[in-house]
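Data block below; observations after.
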Amino acid sequence: MSGNPEEERVPSHVVEETREAAERVVRALSALDDDAPGGVEPREGEPARSGSYFSFATAESLTSGLLSAVLAEVPGVSQWFLGGVVAYSYDAKERLLGVDRDALERDGAVTEMVVHAMARGVAERLEARWGVATTGVAGPGPAEGEPEGTVWIAVVDRDSSDVTCRLLRSPGGRDEVRWRAALTGLNLLAEVVEQNRMPSR
């Protein structure tokens with residue numbers, strides 16, 4: 001047993017897979033750095049940074065920092081992880097991430113548009129290559145017209161403006177929903193990073 005009461009309420013395989021997904025993210029980023037040993041020039045107007053160009057940042061609502069915390073367990077992740085924003089309320093999403101307030105008031109926070117804006121907002125504010133975001137309904141019960149377990153996840157590539165979104169319908173109670181959201185977000189980030197590998201020569 002982990003000794004963490006929340007983890008003990010989540011199927012052990014979900015916790016294990018989430019930690020494996022975090023390690024997958026770091027392996028994928030490390031491989032990108034290996035592909036570009038000479039480094040990559042920063043964007044015009046941006047200073048060179050001490051870490052990798054292949055950086056990412058997180059914007060979390062229902063996961064409330066869980067995705068970031070699991071990533072922080074992986075040794076060496078600071079080479080790529082710039083930081084994260086926990087934006088639970090409408091005010092925080094608007095002020096910290098630039099999510100449109102009218103859209104929040106009209107459609108709620110559990111939408112593809114909102115998670116896209118969160119991911120883009122954190123990437124822009126922290127000047128990261130990728131932004132990954134989570135928003136949803138952890139429960140208990142429905143919220144904002146969506147059933148418990150409804151989760152939107154997005155990864156935005158600030159260089160190409162590509163966005164990849166995924167809708168998750170998670171089983172389980174509140175803690176399991178949050179862990180499954182973190183798992184899905186980490187795997188989605190890893191998939192996007194892996195797609196940027198240069199072809200083998």
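The values are calculated or read from the model by the stated rules, or taken from the named source; none is laboratory data. Here the structure is a predicted model, which is why all the values come from computation and not from measurement. A quick note on method: Cβ atoms are made from the backbone with ideal geometry, for glycine too, and the neighbour counts reach across all protein chains shown.
Report, by residue number, each residue of the range 137-155 that is more than 16 Å from Ser64 (Cα to Cα), of a type outside the set (D, E, K, R) and assigned to a strand (DSSP E or B). Within the range 137-155, Ala143, Val155 qualify. Go through the range 93-116 residue by residue and tally those that are free of Cβ contacts under 8 Å to residues at least 24 places away in the same chain and in a helix (DSSP H, G or I). Of the residues in that region, 10 qualify. A count restricted to the range 60-92 and to residues that are without any contact (Cβ under 8 Å) to a residue 12 or more places away in the chain and either under 17 Å from Leu189 (Cα atoms) or not aliphatic (A, V, I, L, M) (or both) stands at 5.
Among residues of the range 1-10 being under 13 Å from Asp175 (Cβ atoms) and loosely packed, with under 14 Cβ neighbours inside 10 Å, the one that is modelled with the lowest pLDDT is Ser2. In the range 89-143, the residue that is nearest to Asp159 (Cα to Cα) out of those that are of a type in the set (Ser, Thr, Tyr) and surrounded by 17 or more Cβ atoms within 10 Å (Cβ to Cβ) is Thr134. State yes or no: is Glu191 among the charged types (D, E, K, R) and either in a helix (DSSP H, G or I) or buried (at least 24 other Cβ atoms within 10 Å of the Cβ) (or both)? In short, yes.
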